[in-house]
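K.L.:
The following block contains the structure, expressed as structure tokens.
None of the figures in this text is laboratory data; all of them are computed from the coordinates on show. Remember, predicted model here, so these are calculated numbers, not experimental data. Here the Cβ positions follow ideal geometry from the backbone for every residue, glycine too, while neighbour counts run over all protein chains shown.
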Amino acid sequence: MTRRIDRRSALKFGLAGLGAAMAVPVAARAEARPTPRATGDLGLIIERAVGRVRIVETTGRTVLHTIEGLGDLSHASAVFSRDERFAYVFGRDGGLTQVDMLEGRIVNRVVQGGNSIGGAISQDGRLVAVSNYKPGGVKIFDADTLALVADIPAAYEGSTEQSKTVGLVDAPEQKFVFSLYDAGETWLVDMSDPAKPAVTKFKGIGKLPYDGLITGDGRHYVAGLFGEDGLAMLDLWAPENGVKRILGGYGKGDKPLPVYKMPHLEGWAEADGKLFLPAVGRHEILAVERGSWREVGRVKAHSQPVFVMARPDGRHLWVNYAHPDNDTIEVIDVKTLSVVKTLKPGPAVLHMEFTPRGEHVWVSVRDLDMVLVYDTRTFEVLARLPMDKPSGIFFTARAHRTGL
Amino acid sequence: MFDWSRTSPPLLTLAALLIAPAAFAAGDPPEERQKVLLYRLIQDCGSCHGMTLKGGLGPALLPETLKDKADESLTDIILNGIEGTPMPPWAFETSASEAAWLVRVLKKGAVHDATH
């Protein structure tokens, strides 16, 4: 039963009209003027085999959007704009895709190389850099338009081919750092004048750097080496001192074990004054004291560690493993350096991402086609979200963390 | 579950004849095992060689990149890896005849056809 009110009668019965307006149910008013949504509890999950990403929210643990058409995501990762509105997804096929986290759509997409391995966003959020295997080098784009700003081919002495580049991270003062897999070099790029990238090259850092990371404060860059036991460290507060070897000879001369998936150094685990790193070709996690860079302990692990991730408060490390032992996560107590919990989420655990304050962790289980959400205190599974071959999980809080 | 990887080639061939006669051709693994091998090739070999096998940290495994390499040496690489590189040995879960079959599939460029 509706009653039409013309303008005059509305004026005449103004008071009654106001009363009627106040009686409009909350939901109806919300429809008229949508409640703005924030992005702080959002995340993006890669479905590696189908070129698709899911936008999720970690409060109610639901999927908000499904976005198709991102190409080959077999080794994909993402960074976020400083307002946490946009994700930049780096695909294997050289695709760089800007995704709107709120509207759940692709805003911009370029195929900028033949074969890529991740990227980084600059300190000021204006530049997005992509690391390329083929042609080897780093390309830097305008974050708004994805227009090319700088092209840095990884040419090196003694080869006509360009080196594959790995371990690309952002650093303070508008810099990027990355390493050259084939050349054994680390390059520091100052982009404070985008028209004139200033590249400082550090040569002879070690054999086959396969990934790199930067500490949360943006001071120390560390490249993991595949070709030898040890890591290569650059102190960005004293780049004139060059790249130094740390944890040299950690394998103690033993023949390395085969590695069925390369470790990833993205989740630099810093806790209790120590840094925790996956050994390569050893079923161990190495603890190194920051500052002295001495080894201060090692944890015997289930298999070849892939990700060693510190819970945000630093008390526990969550570690996943390489094929064929990738059905397992071990939780390690940083205080005692012992395994306190072994979880079996399912076959092919590929990635773990903590909610910003660490109360939950989201785990992608590729061969289960599922993302599991664990309570990090009770280890209880709180939610199961079906996904197609999920791999990387990226929460928007990364927007405010150097190196992620 | 029966572990095919621990089975000797003659028994494997016999099993292939008994279980999947339709899929049997010149020492091919049985159909169910082919699925496992191809899944692993795409998903796990794919972490270094790319899920489309166009390469990554490891080289491309496409027909044009493999055509000049002998089947035997490629089979040997799968089984025993390449020392001093990240390529690990897969003999612990792949038999010689399975590795040889994978090489044939790779050289034909039939990996993704075979999975559909």
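K.L.:
Can you pull out the chymotrypsin sites (Phe, Trp or Tyr not before Pro) in region A:166-239 that DSSP calls coil and that have at most 14 other Cβ atoms within 10 Å? Please list the in-between numbers first.
P.N.:
Working: sites: A:Phe176, A:Phe178, A:Tyr181, A:Trp187, A:Phe202, A:Tyr210, A:Tyr221, A:Phe226, A:Trp237; in loops: A:Tyr181, A:Phe226, A:Trp237.
Hits after loop and neighbour filter: A:Trp237.
K.L.:
Which loop trypsin sites (Lys or Arg not before Pro) in region B:33-116, with loop taken from DSSP, have no more than 15 other Cβ atoms within 10 angstrom of their Cβ? Could you put the intermediate results ahead of the total?
P.N.:
Details: sites: B:Arg33, B:Lys35, B:Arg40, B:Lys54, B:Lys67, B:Lys69, B:Arg104, B:Lys107, B:Lys108; in loops: B:Lys54, B:Lys67, B:Lys69.
For trypsin sites (Lys or Arg not before Pro) across region B:33-116 that sit outside H, G, I, E and B with at most 15 neighbouring Cβ atoms in 10 Å, the list reads B:Lys67, B:Lys69.
K.L.:
Follow-up question, since we're still on this one. Quick one: compute the contact order of chain A, relative version, from alpha carbon pairs under 8 angstrom and 6+ residues apart, as a percent.
P.N.:
Value for chain A: 10 percent.
K.L.:
What relative contact order, as a whole-number percentage, does region A:292-404 give when Cα pairs under 8 Å and 6 or more residues apart are counted?
P.N.:
Across region A:292-404, relative contact order equals 16 percent.
K.L.:
Classify region A:166-311 from the C-alpha gyration tensor, please: rounded if a/c falls under 1.5, else prolate or oblate depending on whether a/b exceeds b/c.
P.N.:
The shape class here is prolate.
K.L.:
Please give the calculated 222 nm ellipticity per residue for chain A, where each DSSP H segment of at least 4 residues contributes -39500 (n - 2.57) and the sum is spread over every residue; nearest 500 deg cm²/dmol?
P.N.:
-1500 deg cm²/dmol
K.L.:
Further question on the same structure: Any of A:Lys389/B:Lys107; A:Lys207/A:Lys261; A:Lys175/A:Lys252; A:Lys201/A:Lys274; A:Lys300/A:Lys341; A:Lys134/A:Lys255 with alpha carbons more than 24 Å apart? Name them for me.
P.N.:
A:Lys389/B:Lys107; A:Lys175/A:Lys252; A:Lys201/A:Lys274; A:Lys134/A:Lys255
K.L.:
What whole-number distance in Å separates the alpha-carbon centres of region A:200-261 and region A:341-370?
P.N.:
Taking the Cα centre of each part, region A:200-261 and region A:341-370 sit 27 Å apart.
K.L.:
Something else: In percent, how large is the relative contact order of region A:183-235, given Cα pairs closer than 8 Å and 6 or more residues apart? Display every interim value, and only then the final one.
P.N.:
Details: 92 pairs, mean separation 14.5, N = 53.
Relative CO of region A:183-235 lands at 27 percent.
K.L.:
Counting other Cβ atoms within 10 Å of each Cβ, which GluC sites (Glu not before Pro) in region B:22-116 have at most 15 and sit in a DSSP loop?
P.N.:
B:Glu83
K.L.:
Follow-up question, since we're still on this one. Test of understanding: in a Gaussian network model of chain A with alpha carbons linked when under 10 Å, which of A:Gly297, A:Gly60, A:Gly94 would top the mean-square fluctuation ranking?
P.N.:
Looking only at A:Gly297, A:Gly60, A:Gly94, the biggest GNM fluctuation is shown by A:Gly60.
K.L.:
What is the Cα coordinate range of chain A on the first, second and third principal axes, sorted by size from largest, in whole angstrom?
P.N.:
92, 51, 37
K.L.:
Okay, moving on. Compare A:Asn326, A:Asn115, A:Asn241 in a GNM of chain A, Cα atoms joined below 10 Å, and give the one with the largest fluctuation.
P.N.:
Maximum among the listed residues: A:Asn241.
K.L.:
Calculate, for A:Asp142 and B:Glu72, the FRET efficiency according to 1/(1 + (r/R0)^6) with r their C-beta to C-beta distance and R0 45 Å; round to the nearest 0.05.
P.N.:
0.35
K.L.:
In a GNM of chain A with a 10 Å cut-off on Cα contacts, which of A:Thr200, A:Thr355, A:Thr378 has the highest mean-square fluctuation?
P.N.:
A:Thr378
K.L.:
If only Cα atoms are counted, what is the Rg of region B:30-114, and what is its Dmax, in Å?
P.N.:
Using the Cα atoms of region B:30-114, the pair Rg, Dmax is 11.7, 34 Å.
K.L.:
Follow-up. So which aspartates and glutamates can A:Lys244 reach, going by Cα to Cα under 13 Å and dropping same-chain residues fewer than 8 places off?
P.N.:
A:Glu185, A:Asp235
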